[in-house]
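Pasting in a structure now, in structure tokens, and then I'll have a few things to ask.
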Amino acid sequence: MSLNGETKRKAYQTAYRAEHKAEIAARNKTYRAEHKAEIAARNKTYRAEHKAEIAAWNKTYYNNNPAPYINRVRARKQRLSMMPSYTEQEWQLVRERTPNCVGCGVLLSTVKVHRDHIVPLSKGGSNTIENLQPLCVTCNLSKGDKDMAEWMAERRVVRVSKRGMTEEAKA
Ligand SMILES: [Zn+2]
């Protein structure tokens, strides 16, 4: 293609995108909804492969914008302090009853343990012992703001798509 042709093609594409903005946005939205698990898996791989880069970027970002993060942590602490809570003793009992990570089954005495809110506080979960479970740090970070059912369903889909549907056939 000549240089002129290339310029024309680019101009055409720009014009097309401008004219079909809503359509393109809708198409992208549908794609994301239909390929949720795939996209999540792809993002996970990307994050795993670019760990150091992402950490460096986050650090720079945080150093330049510490206020929103600090405020968020403060607000969460404040919210927690107003809620009904649990005792350390209750938590210890849960820990004794749950030697393995609820998410992946790893022996919790060998990893860093997080206190996970089964229903996240952000989704109206309570800060009481019934809503707490021990997760390994990897599972907890992967679960994030999802509730248990959502997270398990998502993990199952990712697992199934990775194994080429064999799990689905067995289920
Ligand atoms: Zn785990």
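Considering every residue within the stretch 14-27, establish whether at least one is surrounded by 11 or more Cβ atoms within 10 Å (Cβ to Cβ), of a type in the set (Lys, Arg), modelled with pLDDT of 90 or more and within 30 Å of residue 163 (Cβ to Cβ).
Yes; the residues of the stretch 14-27 include at least one that is surrounded by 11 or more Cβ atoms within 10 Å (Cβ to Cβ), of a type in the set (Lys, Arg), modelled with pLDDT of 90 or more and within 30 Å of residue 163 (Cβ to Cβ).
Could you tell me which of the residues 62, 31 is under 23 Å from the mean Cα position of the chain (by Cα), in a helix (DSSP H, G or I), under 30 Å from residue 141 (Cβ atoms) and at pLDDT below 90?
That would be 62, the only listed residue that is under 23 Å from the mean Cα position of the chain (by Cα), in a helix (DSSP H, G or I), under 30 Å from residue 141 (Cβ atoms) and at pLDDT below 90.
I'd like the residue in the stretch 132-146 that is surrounded by fewer than 16 Cβ atoms within 10 Å (Cβ to Cβ) and under 19 Å from residue 79 (Cβ atoms) and, out of all such residues, is farthest from the chain's Cα centre (by Cα).
145
Give me the residue from the stretch 54-111 that is under 14 Å from residue 130 (Cα atoms) and of a type in the set (Phe, Trp, Tyr) and, out of that set, surrounded by the most Cβ atoms within 10 Å (Cβ to Cβ).
This residue is 86.
Also, I was wondering about something else. Consider residue 157 carefully, then state whether it is part of a loop (DSSP other than H, G, I, E, B), more than 16 Å from the ligand (Cβ to nearest atom) and either on the phi < 0 side of the Ramachandran plot or surrounded by 13 or more Cβ atoms within 10 Å (Cβ to Cβ) (or both).
Answer is no for this residue.
Okay, next question. Across the stretch 112-131, what is the total count of residues that are loosely packed, with under 14 Cβ neighbours inside 10 Å and either among the aromatic types (Phe, Trp, Tyr) or touching a helix residue (DSSP H, G or I) at 6+ places or on another chain (Cβ under 7 Å) (or both)?
Residues that pass the stated criteria total 1.
Just one of (1) in a helix (DSSP H, G or I); (2) farther than 30 Å from residue 160 by Cα; (3) of a type outside the set (S, T, N, Q) trips up residue 54, so point out which.
(2)
The conditions are (1) away from the ligand (no atom under 16 Å from the Cβ); (2) hydrophobic (A, V, I, L, M, F, W, C); (3) modelled with pLDDT of 95 or more, and residue 171 fails exactly one of them. Which is it?
Condition (3) is where residue 171 drops out.
Give 102, 119, 73, 106 a once-over and let me know the one that is out of contact with any strand residue (DSSP E or B) (no Cβ under 6 Å at 6 or more places or on another chain), free of Cβ contacts under 8 Å to residues at least 60 places away in the same chain, within 19 Å of residue 148 (Cβ to Cβ) and among the β-branched types (Val, Ile, Thr).
Being out of contact with any strand residue (DSSP E or B) (no Cβ under 6 Å at 6 or more places or on another chain), free of Cβ contacts under 8 Å to residues at least 60 places away in the same chain, within 19 Å of residue 148 (Cβ to Cβ) and among the β-branched types (Val, Ile, Thr) holds for just one of 102, 119, 73, 106, which is 119.
To continue, here is another question. Do you know which residues across the stretch 92-143 are among the β-branched types (Val, Ile, Thr), closer than 17 Å to residue 155 by Cβ, near the ligand (Cβ under 9 Å from one of its atoms) and not in a helix (DSSP H, G or I)?
Selection gives 102, 106.
The values are calculated or read from the model by the stated rules, or taken from the named source; none is laboratory data. Computed from a prediction, not measured in an experiment: that's the story for all the values here. Here the Cβ is made from the backbone with ideal geometry for all residues, glycine too, and neighbour counts use every protein chain on show.
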